[in-house]
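Asker: Before we start, here is the structure in question, set down as structure tokens.
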Amino acid sequence: MLSSADFLFYFLGLVSLVFGLGVVLFRNPIYSALCLVITMISVAGIFGTLDAWFIAGVQLIVYAGAVTVLFVMVLMLFDLKHEMKTFSKGVIGNGVKLAASGVLLGMLGTYIWATYATEPTFKPLPAAATSSIKATKDLATSLFTTYIFSFEVIGILLLVIAVGAVTLSRITGGTHHAD
Amino acid sequence: MPINPEAWKVGLDHYLYLSSLLFIFGMLGVLMRRNVIVILMCIELMLNAVNISFIAFSRYAESTNGQVMVFFVMTIAAAEAAVGLALAVTVFKKFKEVNIRFFEHLKG
Amino acid sequence: MMSNQILFAILLLAPFVGFMFNGIRWKSHNATLAGVVATFAVFVSFVCSLLLVSQLFGANAVPSVGTRFFEWMNVGGLQVQAGFVIDHISAIMVLVVTGVGTLIHMFSIGYMSHDERPSKYFAYLNFFLFNMLLLILGENLLLMFVGWEGVGLCSYLLIGFWFTDSEKAAAGMKAFITNRIGDAGFLLGIFTLFFLFGTVNFSEIIARLPAGGIEMGWTGPMTVACLFLFVGATGKSAQIPLYVWLPDAMAGPTPVSALIHAATMVTAGVYMIVRLNPLFLMAPNALHVVAVVGAATAFFAATIGLTQWDIKKILAYSTVSQLGYMFLACGVGAFGAGLFHVMTHAFFKALMFLGSGSVIHAMHEEQDVRKMGGLRKYLPITHATFFIGWLAIIGIPPFAGFFSKDEILWQTASSPLGHKALWVVGVLTAGITSFYMTRLMCLTFWGKSRVPKETHPHEAPPVMWIPLAVLAVLSTVGGWIGIPKVMLGGEDNWLERWFHHVIAPVPEALGHAVHSHALEWAAMGVSLSFAVIMACLAYTFYVSNPSLPGRLAQKFHGTYRLIYNKYFVDEFYFARIINPLIDASKGLWAYVDVNFIDRTTYVLGDVVRGVGSTAKSFQTGNLQQYAMYIAVGLAVTMFLILR
Amino acid sequence: MGKDVFEIVVNCVKMLLIFLVMVQLVPILVWLERRVSAFMQNRFGPNRVGPLGLIQLLADAVKFLFKEPFFPEKGMAVMYYGAPIMALIPGALALAAIPLGAPFHLEQFTWLGREWGPYDFIMQGYDFGVGIVIVLGVSSLGAYSLLMAGWGSSNKYSLLGALRASAQMVSYELALGLSLVGILMVFNTFSFYDIIAQQTGMPLTFNFFGKVHSIAWLPNWGIFFNPLGALIFFCASFAETNRLPFDLPEAEGELVAGFHTEYGGFALLMFYIGEYGHMMVASALMATFYFGGYTIPYVANESVANWVSSGGLATHPNWAAFLTSLIFFLVFLLKVFLFLLIYIWVRWTLPRFRYDQLMDLGWKTMLPWALFNTVLTAVWLAFSHRPV
């Protein structure tokens, strides 16, 4: 018997897969971007089924609320409509690409099936741990103690990125000087 | 193959299947699409797929380390999107198109 | 109470901090700020070294104070600690370097007040001091070598400090290149010692010396090592044949000449030999070489000093000559006397250089003694202090130079490693020293004034004459720690008791020292009276009868030209070594390089180009193709891992 | 853990009710806006249809419903029709995450010949425990509605309005989120219920260098702990809701009507509902974080419950619990309305900013001040518990 949480997972998983495929297949990049948004939201929901509510919220704020908005905005600025050359050409190249992806998927699936299919499902968390407050506090504790160095480095990286992005966007020409 | 009702109960493996499928979708997009911005979006898709498995393992091992990792991945993804889009804008200003082939002009 | 480690750290880092401070604001023109900071940094070092050295005294005296900061390298058998040590040998050097260094820094504040780049100057000076402290305090040869190279660098930078003058820049280059030759020898010496003893630590090397294994031949490993080290010492301490750079080094600012090229850096070679004295005693033939080279240098440099007209050149040749004395002392096994002379020489030679700096400052950068004379009434303080320095260097008791020089001469005569001939040369050199120093005094301060009318000499400001006064006091009393035994009625003087632990006596196997009080008094009398006679002679020549020298020069025209042109050593080096080397290099380039090496590289290049043009077809610039390579690689790798 | 049918039904009804509350408040707000603006401008406003012009709302609704729906010739249907729907969803979802009243407990009771309960209900659509993160995440999705509308209309004014709007929303989300960090640090939790519980009760109590002080005549509200954060939050929420003085996306003088130039009739009404929904969410957050949520100042929660059960208003404890919760809901609504009034007041008081001024304000003024507020709160917290 499927529990409601299981049902939720199947539903969100299906949504994320369908719209993930949509990102790849839509010929209009705007639709790709909107599909990406829906995928992001459903992935946030999947995080929720795993009791990671804080991460789910952050996923909504950062990915769905900021990063993808940026994508959509840039696409709209470029005024890109239907693309003629959506996919790369070359029978051999595309064949190799598809084959590599298929082999990879097959191997991953086999490996997961061989390793984890017999594993028990998730143990129910103790009542205290399910409380999102506690989980969030744990996350913050390990973020600001064990991983404090990485955290600071990421901060510096963000600063660098901000400066770099501003500099890049101020360049007027392309890669070669306009003639 | 007989359908085992127990197999439909959601466990770690289901999350991993989902994660690998999404990852392969993203990879196909990166490999096949021409539009730089779509490629960037597919990279985000791949990162999301990885995040799912991080969170699933974190839940499975009952430790927060996986969530910390996801935190970092999100930060990096945001940064990567910013720089990637800035590059795309630069390329677009020159060629009025954002085809990946234009990055070939970067050589030399 | 601060721990020794912290004291060592402050001692070493204070000049470095000063260097950083002035180095960062190197464009500043504020000489006072730069100078005060630099001086203070060195003074801090001086105080720290006093605190550290004080632990060697008293009832709870320890044989040495040392600390180790970290392991510097650990490669195979080579283990090097970043460790520093103050024992009875380095104590004297560190006090002299920081003490005299403080005074010279202070002097520089006044001397460099009108310069364009004072911050840069003081930064270099502080950096020099940092490196000098590394050299002195390092507990192993490698640290000493780091300092050794560092002081060489600073010396180069400071000699060419006024680099806009191409002659001065060339002088810096000459010093650097000449030093490189010596440094190569030093490095070979370190390698030999490491090969022999498996360590570069001074105390470990000394502990591992074979007991009683004195090498009598010329080709023993320790002899070879000592000779290599001595080559290094000749480079740094300006001995024959590598002394040529030191006179040219006078192109730098005068305080630099005082600090680096008289008081501290040039004595590094002596210091190194004293540090390794038990090793050198195992190789008597190497010591003979040291003694002969030292004596020869002392004599030759002194004779050249007779004929020079540039006030700083005279002092420079005097320095070379005095360094020869020190090596002579080391060569006859009197290491304590050598170090004693290092100390007294640092006092009076720094004094004289600073005095000459004061004179040059007063004369508006005029260095030719022919345009001076009679400066006594313009520069009374400078004259008084210079006078004391003069008394010290020509060896008039009770001034410092007398005791150290006399100790060296007596040891030369009496030590089993010494020789009568060396003593004779030493006494002759002392006489000549007395002559040209008196000549310098006469031409500069006494007699009639030959100062051009447009020049108005003036006394230096207090910031310049206070160091002179302090150094004058030190030049007076500095020698009293080493009053000869005979004068004390057979008691050991303080210096001998101080060096008791660290300076090995000459081994019995090499013979016995002469012990004769009568002889010692006689030798002292001979050298003293000779010096006084020569001084009077010089006074006659240059004050009473100024036309005499010119006529003498006319009469002994050939000899005079030979000496005046410094025995044509520079010309000889150019004709016989440098130019042939250049010619040979050109020949090598024209034949070997073009025909063999170039051709090999062409072939290699063709191969690389061929491979590259093949590989180029993979690098299309198509990002998606690259991504495909990654994907395929990932698939293959995963297959290999999960197989 | 199968949930009771009754529970599931109640939850569904609850969601629907919250959505209806949002939708039904809009006409009242529109009427209020018109009347207040008329009052401020010394006019009458709508006063002919019904008492005080209240029936005007109905007339407006009818007009909106019966207008002809139209579609721009080169528009993109999916986006054009999706945008108004997307405008409704984030507001409703965010509002559902905020507690509108005190939770209540139902004893076991018999109904339709069956035993039901006992139940615990919350006056809220859903509660994940990390409340505010979800609210911010959901409401940040509002940008898509504008982008879709702008793009789907194939109109350059619409597109420009949409781009402006999304840039503005993304920029101000930063200041909005950061301004809340301070108050979250003070309350040390993400959960709305814990936050409200800490604001209940009378004297304003705080630690100062290890000593507990209290001010008897002030309620224990968040605004006294973090006034700067409250100010920044309130200002940023104006930009977030695209209200004047930050209504650049629909600046009439420049862009006709911004992103909804090509909309009319019911679709336009949906955009309005979305905008008012956002305002309600912002006001509700304001009330929750800084003004004690649904609690009544100067009155303890228990005394409300006692008053209800003793006053004879409800005999059965279940009814009493429900009524108590309803009272709290009304109190909350009152607070929300007060803030909505301020919104309207500001709209008719301040002129519109220029776009560069808007961006400067967001990035160079609000963001640094919000950061400063965070640091200030951290310093305050570090020292307030430490004796001198």
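The values are calculated or read from the model by the stated rules, or taken from the named source; none is laboratory data. Being a predicted model, the structure only gives us computed values, none of them experimental. Cβ sites come from the backbone with ideal geometry, for glycine too, and all protein chains shown count toward neighbours.
Asker: May I ask you to say which residue of C:Ala584, C:Ala631, C:Ala615, C:Ala590 is surrounded by fewer than 11 Cβ atoms within 10 Å (Cβ to Cβ), under 30 Å from B:Ile100 (Cβ atoms) and out of contact with any Leu (no Cβ under 6 Å at 6 or more places or on another chain)?
Answerer: The conditions single out C:Ala615.
Asker: Looking at C:Thr476, C:Thr540, can you tell me which residue is among the hydroxyl-bearing types (Ser, Thr, Tyr) and either under 30 Å from the mean Cα position of the chain (by Cα) or within 30 Å of C:Ile104 (Cα to Cα) (or both)?
Answerer: Being among the hydroxyl-bearing types (Ser, Thr, Tyr) and either under 30 Å from the mean Cα position of the chain (by Cα) or within 30 Å of C:Ile104 (Cα to Cα) (or both) holds for just one of C:Thr476, C:Thr540, which is C:Thr476.
Asker: Only one of C:Val256, C:Val224, C:Val266, C:Val200 is surrounded by fewer than 21 Cβ atoms within 10 Å (Cβ to Cβ) and aliphatic (A, V, I, L, M). Can you tell me which?
Answerer: One residue alone meets the criteria, C:Val224.
Asker: Restricting the search to segment C:24-54, which residues are farther than 19 Å from C:Ile104 by Cβ and either assigned to a helix (DSSP H, G or I) or among the basic types (Lys, Arg) (or both)?
Answerer: Result: C:Ile24, C:Arg25, C:Lys27, C:Leu51, C:Leu52, C:Val53, C:Ser54.
Asker: Assuming D:Ala197 fulfils every condition listed in (1) buried (at least 20 other Cβ atoms within 10 Å of the Cβ); (2) at pLDDT below 85 apart from one, which condition is it?
Answerer: Against the list (1) buried (at least 20 other Cβ atoms within 10 Å of the Cβ); (2) at pLDDT below 85, D:Ala197 comes up short only on (1).
Asker: List the pairs whose first member sits in segment D:315-333 and is on the phi > 0 side of the Ramachandran plot, whose second member is modelled with pLDDT of 85 or more, and whose Cβ atoms are under 8 Å apart, counting only residues at least 6 apart or on separate chains?
Answerer: Pairs that qualify, where the first residue is on the phi > 0 side of the Ramachandran plot and the partner is modelled with pLDDT of 85 or more: there are none.
Asker: Right, here's the next one. Mind checking which residues of segment B:76-102 are at the interface with chain A (Cβ under 7 Å from one of its Cβ atoms), surrounded by fewer than 19 Cβ atoms within 10 Å (Cβ to Cβ) and under 24 Å from A:Val58 (Cα atoms)?
Answerer: Correct list: B:Ala78, B:Val83.
Asker: Further question on the same structure: Pairs only if they're at least six apart or on different chains, beta carbon under 9 angstrom, first in segment C:5-30 and over 16 Å from C:Asp115 (Cα atoms), second surrounded by fewer than 18 Cβ atoms within 10 Å (Cβ to Cβ) and not hydrophobic (A, V, I, L, M, F, W, C); list them, first residue then second.
Answerer: C:Gln5/C:Arg68
Asker: When you scan segment A:24-58, how many residues do you find that are at the interface with chain D (Cβ under 9 Å from one of its Cβ atoms) and polar (S, T, N, Q)?
Answerer: Looking only at that region, the number is 1.
Asker: Report, ordered by the first and then the second residue, all pairs with beta carbons closer than 7 Å, sequence separation of six or more or different chains, a first member in segment C:117-139 that is more than 26 Å from C:Arg68 (Cα to Cα), and a second member that is among the charged types (D, E, K, R).
Answerer: C:Ser119/C:Arg25; C:Tyr121/C:Asp115
Asker: Go through (1) of a type in the set (A, V, I, L, M); (2) within 25 Å of D:Gln108 (Cβ to Cβ); (3) outside any helix (DSSP H, G or I) one by one and return the number of the condition D:Ala305 breaks.
Answerer: Condition (3) is where D:Ala305 drops out.
Asker: Which residues, taken from segment C:491-515, are free of Cβ contacts under 8 Å to residues at least 12 places away in the same chain and under 22 Å from C:Pro397 (Cβ atoms)?
Answerer: C:Glu491, C:Asp492, C:Arg497
Asker: Count, please, the residues in segment A:68-80 that happen to be more than 9 Å from chain B (Cβ to nearest Cβ), in contact with a helix residue (DSSP H, G or I) (Cβ under 8 Å, 6 or more places away or on another chain) and modelled with pLDDT under 80.
Answerer: The number of residues fulfilling the criteria is 0.
Asker: Still on this structure: Filter segment D:122-167 down to residues that are in contact with a His (Cβ under 8 Å, 6 or more places away or on another chain) and either of a type in the set (S, T, N, Q) or closer than 25 Å to D:Phe329 by Cα (or both) and give me whichever is farthest from the other protein chains (Cβ to nearest Cβ).
Answerer: Among those that are in contact with a His (Cβ under 8 Å, 6 or more places away or on another chain) and either of a type in the set (S, T, N, Q) or closer than 25 Å to D:Phe329 by Cα (or both), it is D:Ser158.
Table: residues versus (1) among the hydroxyl-bearing types (Ser, Thr, Tyr); (2) within 10 Å of the chain's Cα centre (by Cα).
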| site | (1), (2) |
| --- | --- |
| B:Leu18 | no, no |
| B:Ile24 | no, yes |
| B:Met41 | no, yes |
| B:Glu44 | no, yes |
| B:Asn51 | no, yes |
| B:Met69 | no, no |
| B:Thr75 | yes, no |
| B:Phe92 | no, no |
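Asker: Sticking with this structure for a sec: Just one of the numbered conditions (1) exposed (fewer than 14 other Cβ atoms within 10 Å of the Cβ); (2) more than 30 Å from C:Ile240 (Cα to Cα) is not true of C:Lys555; which one?
Answerer: (2) is the only condition that C:Lys555 fails.
Asker: Could you grab me the full set of residues in segment A:7-29 that are within 19 Å of B:Val50 (Cα to Cα) and of a type outside the set (A, V, I, L, M, F, W, C)?
Answerer: Passing the criteria: A:Tyr10, A:Gly13, A:Ser16, A:Gly20, A:Gly22.
Asker: Could I ask something else about it? Considering only segment B:15-43, how many residues are at the interface with another protein chain (Cβ under 7 Å from one of its Cβ atoms), β-branched (Val, Ile, Thr) and in contact with a strand residue (DSSP E or B) (Cβ under 6 Å, 6 or more places away or on another chain)?
Answerer: Within segment B:15-43, residues that are at the interface with another protein chain (Cβ under 7 Å from one of its Cβ atoms), β-branched (Val, Ile, Thr) and in contact with a strand residue (DSSP E or B) (Cβ under 6 Å, 6 or more places away or on another chain) number 0.
Asker: Here's something else I'd like to know. Select the helices (runs of 4 or more DSSP H) contained entirely in segment C:253-299, then report the ones holding at least 1 residues which are of a type in the set (A, V, I, L, M) and either closer than 16 Å to C:Ala346 by Cβ or in contact with a strand residue (DSSP E or B) (Cβ under 8 Å, 6 or more places away or on another chain) (or both).
Answerer: Of the helices (runs of 4 or more DSSP H) lying wholly inside segment C:253-299, those with at least 1 residues that are of a type in the set (A, V, I, L, M) and either closer than 16 Å to C:Ala346 by Cβ or in contact with a strand residue (DSSP E or B) (Cβ under 8 Å, 6 or more places away or on another chain) (or both) span C:254-258, C:268-275.
Asker: Looking at C:Gly150, is it part of a helix (DSSP H, G or I) and under 29 Å from C:Ile86 (Cα atoms)?
Answerer: yes
Asker: Quick one: A:Phe122 ticks every box in (1) more than 10 Å from chain D (Cβ to nearest Cβ); (2) modelled with pLDDT under 80; (3) under 28 Å from C:Met628 (Cα atoms) bar one, so which box is it?
Answerer: Only one criterion in (1) more than 10 Å from chain D (Cβ to nearest Cβ); (2) modelled with pLDDT under 80; (3) under 28 Å from C:Met628 (Cα atoms) is unmet by A:Phe122, namely (3).
Asker: Looking only at segment C:418-439, which residues are aliphatic (A, V, I, L, M) and under 25 Å from the mean Cα position of the chain (by Cα)?
Answerer: C:Leu422, C:Val425, C:Val427, C:Leu428, C:Ala430, C:Ile432, C:Met437
Asker: Condition test on C:Leu379, is it of a type in the set (A, V, I, L, M) and under 22 Å from the mean Cα position of the chain (by Cα)?
Answerer: No, not satisfied.
Asker: Is it fair to say C:Val486 is surrounded by 13 or more Cβ atoms within 10 Å (Cβ to Cβ), without any contact (Cβ under 8 Å) to a residue 40 or more places away in the chain, of a type outside the set (S, T, N, Q) and closer than 30 Å to C:His288 by Cβ?
Answerer: When the stated conditions are applied, C:Val486 passes them.
Asker: Checking the conditions here, which among C:Gly333, C:Gly305, C:Gly324 is assigned by TED's automatic domain parsing to the domain that holds C:Ala384 and in a loop (DSSP other than H, G, I, E, B)?
Answerer: C:Gly333
Asker: Does segment D:373-383 include one or more residues that are under 18 Å from D:Ala239 (Cα atoms) and surrounded by fewer than 17 Cβ atoms within 10 Å (Cβ to Cβ)?
Answerer: Within segment D:373-383, none of the residues are under 18 Å from D:Ala239 (Cα atoms) and surrounded by fewer than 17 Cβ atoms within 10 Å (Cβ to Cβ).
Asker: Can you report the number of residues in segment C:374-419 which are closer than 22 Å to C:Phe340 by Cα and part of a helix (DSSP H, G or I)?
Answerer: The number of residues fulfilling the criteria is 25.
Asker: Within segment B:77-102, which residues are of a type in the set (A, V, I, L, M) and either in contact with a Cys (Cβ under 7 Å, 6 or more places away or on another chain) or free of Cβ contacts under 8 Å to residues at least 24 places away in the same chain (or both)?
Answerer: B:Ala78, B:Ala79, B:Ala82, B:Val83, B:Ala86, B:Val89
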